[in-house]
Each structure stands twice: as structure tokens, then as C-alpha cells.
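First the structure, in the form of C-alpha cells, and then the observations on it.
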Amino acid sequence: MVCTDQFTIHSRETCKAALNAVSDTLYVLNGKWKLPIIISLAEGPLRFAALQRTLGDITPKILSKELKELELNEFVTREVYPTKPVTVVYSLTPYSQTVQPIITAMREWGQQHKKRLQESARKRNAAAAAEHAEVPAAATRQELVPVAV
């Protein structure tokens, strides 16, 4: 088996290494919330409640879990301030900037994909409307036929 990209043919070992690297990336950034958290924190440090409001329908339990995982992977720092009540602020680390090209590529691909699907749906709807217009009116309604009981 040989893995190829647009310009190069890779060896089996190179292909396996590439697949492992992609798997590692997906493992770190997996789930519905990790990238939205990173994107939200890109605007600046946020307290837990403010971050939860920014994200919408994430539960406190899930947000806490995701933040802990992002902290373990060195994307987020957690700062605790000795106020009453205690203030906890989350912010991005400089290392988190390394995922910016991934986020940009995903955003661009997502916009392109959405546009493609919308254009496909428009074409299907136009074809269905044209097909429906070609069917005679009598053929579109069922004739009532008496049935012997």
C-alpha cells in the first residue's frame, strides 16, 4: 500500500507516521467543545461563567472536563485569585497559537462545504420544481373511483 498526496508518493512507513500524527491531533482536539473554547479564549482571558455564556449550551460539568484536558495539553492556563468568592480565570497559552492554522483551514473548508451543499440543494430543488411543472395537472391528483363494498 502506498499513500499519496497531491505531489508525492510516500512509503508505507511515512504514510503510517502521517496517520499517527493525524490521530494524535484528533485525540487532543476531539469533541464538540475544544476548538470553540480555544476560539472563545482567543479574545482574551475569561472567567468560568463568562466562558460558559459565550459557548451557549455547554454544561458546567462538560466545560470543566474540557478545560482540564486543554490545560493538560498545555493550551489553557487556569489562574486562581484569592478573592471572596474565589475568582478563576482561564486564558490561552502561547502554545495554543500553534493550532491557529488548523482552525483557519477548518473554517475555510467549512464555509466552502456549506456553500457547496447549499448550491447542491438549490439545484435539486430547481430540478424537482421543473419536473413537477412538466407533469399534467390531472396526473397530480387522484381520481375518485367508486369501490364496491
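Are there any pairs, at least 6 apart or on different chains, whose C-beta atoms fall under 9 Å, with the first in region 44-55 and within 21 Å of Pro82 (Cα to Cα) and the second of a type in the set (D, E, K, R) and part of a strand (DSSP E or B), and if so, which?
Pro45/Glu79
Would you point out which residue out of Phe48, Phe75 is of a type in the set (Phe, Trp, Tyr) and within 19 Å of the chain's Cα centre (by Cα)?
Phe75
Matching residues to (1) aliphatic (A, V, I, L, M); (2) at pLDDT 95 or above; (3) under 29 Å from Val22 (Cβ atoms):
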position	(1), (2), (3)
Ile58	yes, yes, yes
Ser64	no, yes, yes
Glu74	no, yes, yes
Glu79	no, yes, no
Val86	yes, no, no
Lys114	no, yes, yes
Ala126	yes, no, no
Ala133	yes, no, no
Ala139	yes, no, no
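The values are calculated or read from the model by the stated rules, or taken from the named source; none is laboratory data. Given the structure is predicted, the values throughout are model-derived calculations rather than measurements. When we count neighbours, we look across all protein chains shown, and the Cβ atoms used for this are built from the backbone with ideal geometry, even at glycine.
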